Amino acid sequence: MSVKGLKNRLRGIDVLMVTPFKPDTMELDVEGLRKITRFVIESGIKEGNGFLTVVPSDGEMTNMHEEEIKKAFKVVVDEAKGKIPVLANCTHTSTDITIELGKYAKDTGADGLMIGAPYYWVPTEEVILKHFEKIVNELKEIGIMVYNNQFASQIDISVEIMDKLADIDNVVSFKETTISFSKYNRMIKVLGDRVSFINGWGEGFEPFASLMGSKGWSSDFACFAPKLVLELYQAIEKKNFLQAKETHSKLTLFYESKAVSKRDQRISYIKEAINMIGLPGGVTRMPLLPITDEEKGELRDFLESINLL
């Protein structure tokens, strides 16, 4: 499969894979990660309607050692068995470490890489360009999704910068999380079909983002409710917007809960939801804190309301 061929494969549901840690030792739960990967695929998300992103922000990449990140890449690639494209999140504060992670992911068999702008130090547009230029020169044989994660990098990658990056052969996708809807629309128009445009805001922006021209959206919800998320995607694909509205309403109940009002605990909510449906979501690592018993009760009520328990 050519590097450019990855562009057409990155469509549908971008499953933001959580990384389960064992409650007693806080170690990476390898078998748990395998089970979640199998669950997503067996629920119907596969090549053609989705792809997996390993160790994204929701996967607590900032709370993991590099060797653990590499192990997670290998586990998901092995378990996916070619049934669904796998992207490895190689975003890092260091350009050289990003390249190191990218080389490992490529050698492991990942289909592509997701890479955001460097964070901690607020990057200028020149820094962003130089960062990606060095990365693509070192990683020419694998496709790259550029991730505009402005919450981490503290800069909203401009249309002009992305227009330049989209001309690079192995930049095949762009995940957008701008808070400006007009910029979002302009970005899609400027990028056109040069890259696969992914809505990084998730179900909350659907079906609007798809109608504007995005090829899919990122979803942590898909780790515990993949069939429901797939139902929304299929309704949009069929232009059955009454069905899409009904499914969207179920999903937005979650986004209106404390999981959004307490964004720092969102990952804890997602992991607890996975635990509640009988899979090993595990626990979060500090500084992320677990949700309270009261919040667990509210979460259970929500899952029951959409027939997931």
TODO: Could you please give the count of residues in segment 91-112 that are in contact with a helix residue (DSSP H, G or I) (Cβ under 9 Å, 6 or more places away or on another chain), in a helix (DSSP H, G or I) and not hydrophobic (A, V, I, L, M, F, W, C)?
DONE: 8
Open item on the list: If Glu133 satisfies all but one of (1) outside any strand (DSSP E or B); (2) modelled with pLDDT of 90 or more; (3) in contact with a helix residue (DSSP H, G or I) (Cβ under 8 Å, 6 or more places away or on another chain), what's the number of the condition it fails?
Closed with: (3)
Task: Selection status of Ile157, closer than 26 Å to Val3 by Cα and buried (at least 24 other Cβ atoms within 10 Å of the Cβ) - done: yes
- [ ] Check segment 18-27 and report whether any residue there is surrounded by fewer than 24 Cβ atoms within 10 Å (Cβ to Cβ) and closer than 15 Å to Val77 by Cβ.
- [x] no
TODO: List every residue pair whose Cβ atoms lie under 6 Å apart, where the two residues are 6 or more positions apart in sequence or sit on different chains, the first residue falls within segment 202-222 and is surrounded by fewer than 24 Cβ atoms within 10 Å (Cβ to Cβ), and the second residue, located anywhere, is modelled with pLDDT under 90.
DONE: Gly204/Tyr255
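Being closer than 24 Å to Trp201 by Cα, free of Cβ contacts under 8 Å to residues at least 12 places away in the same chain and assigned to a helix (DSSP H, G or I) narrows it down to one residue among Thr37, Thr62; which is it? Steps first, answer last, please.
Values: Thr37 fails: free of Cβ contacts under 8 Å to residues at least 12 places away in the same chain.
The unique qualifying residue is Thr62.
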Task: Test: Val122 is touching a strand residue (DSSP E or B) at 6+ places or on another chain (Cβ under 9 Å), farther than 15 Å from Phe73 by Cα and aliphatic (A, V, I, L, M) - done: no
TODO: Identify the residue in segment 90-142 that is polar (S, T, N, Q) and more than 23 Å from Ser196 (Cβ to Cβ) and, among all such residues, is farthest from the chain's Cα centre (by Cα).
DONE: Thr124
Task: Of residues in segment 14-34 being outside any loop (DSSP other than H, G, I, E, B) and of a type in the set (D, E, K, R), the one nearest to the chain's Cα centre (by Cα) - done: Asp14
TODO: Return the total of residues in segment 152-174 being hydrophobic (A, V, I, L, M, F, W, C) and part of a helix (DSSP H, G or I).
DONE: 5
Task: Selection within segment 236-250 - in contact (Cβ under 8 Å) with a residue 24 or more places away in the chain and not charged (D, E, K, R) - done: Ile236, Phe241, Ala244, His248
TODO: Quick one: count up the residues across segment 214-250 that are farther than 12 Å from Gly12 by Cα and in a loop (DSSP other than H, G, I, E, B).
DONE: 6
Task: Pair list, Cβ < 9 Å and 6+ apart or interchain, from segment 296-308 residues that are touching a residue at least 24 places away in the same chain (Cβ under 8 Å) and farther than 17 Å from Gly278 by Cβ to residues that are part of a loop (DSSP other than H, G, I, E, B) and among the aliphatic types (A, V, I, L, M) - done: Glu298/Ile291
Task: Residues of segment 94-135 satisfying the condition of being of a type in the set (Gly, Ala, Ser) and more than 15 Å from Asn149 (Cα to Cα) - done: Ser94, Gly102, Ala105, Gly109, Ala110, Gly112
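Mind listing whichever residues of segment 144-187 are among the aromatic types (Phe, Trp, Tyr) and in contact (Cβ under 8 Å) with a residue 24 or more places away in the chain? Write out each step before concluding.
The initial filter retains those residues of segment 144-187 that are among the aromatic types (Phe, Trp, Tyr), namely 147, 151, 174, 181, 184.
Tyr147, Phe151, Phe174, Tyr184 - these are the residues of segment 144-187 that are among the aromatic types (Phe, Trp, Tyr) and in contact (Cβ under 8 Å) with a residue 24 or more places away in the chain.
Looking at segment 61-74, can you tell me whether even one residue there is touching a strand residue (DSSP E or B) at 6+ places or on another chain (Cβ under 7 Å), β-branched (Val, Ile, Thr) and within 29 Å of Ala273 (Cα to Cα)? Let's see the steps before the verdict.
So in segment 61-74, the residues touching a strand residue (DSSP E or B) at 6+ places or on another chain (Cβ under 7 Å) come out as 61, 68, 71-73.
Applying the additional criterion that residues be β-branched (Val, Ile, Thr) yields none.
The answer is no; no qualifying residue exists.
Could you please let me know if Tyr120 is in contact (Cβ under 8 Å) with a residue 24 or more places away in the chain and part of a loop (DSSP other than H, G, I, E, B)?
Values: in contact (Cβ under 8 Å) with a residue 24 or more places away in the chain: yes; part of a loop (DSSP other than H, G, I, E, B): yes.
It is true that Tyr120 is in contact (Cβ under 8 Å) with a residue 24 or more places away in the chain and part of a loop (DSSP other than H, G, I, E, B).
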- [ ] Could you tell me which residue of segment 40-51 is surrounded by the most Cβ atoms within 10 Å (Cβ to Cβ), considering only residues that are assigned to a helix (DSSP H, G or I) and touching a residue at least 12 places away in the same chain (Cβ under 8 Å)?
- [x] Val40
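Within segment 1-13, identify whether any single residue is farther than 24 Å from Tyr269 by Cα, among the charged types (D, E, K, R) and outside any loop (DSSP other than H, G, I, E, B), and answer yes or no. Steps first, answer last, please.
Taking segment 1-13 first, the residues farther than 24 Å from Tyr269 by Cα are 1-11.
So of that shortlist, the ones also among the charged types (D, E, K, R) come out as 4, 7, 9, 11.
Pick out the ones that are also outside any loop (DSSP other than H, G, I, E, B) and you get 7, 9.
Yes - at least one qualifying residue is present in segment 1-13.
The values are calculated or read from the model by the stated rules, or taken from the named source; none is laboratory data. What you see is a predicted model; the values in this text were computed from it and never measured. All Cβ positions, even for glycine, are placed from backbone atoms using ideal geometry, and neighbour counts span all protein chains on display.
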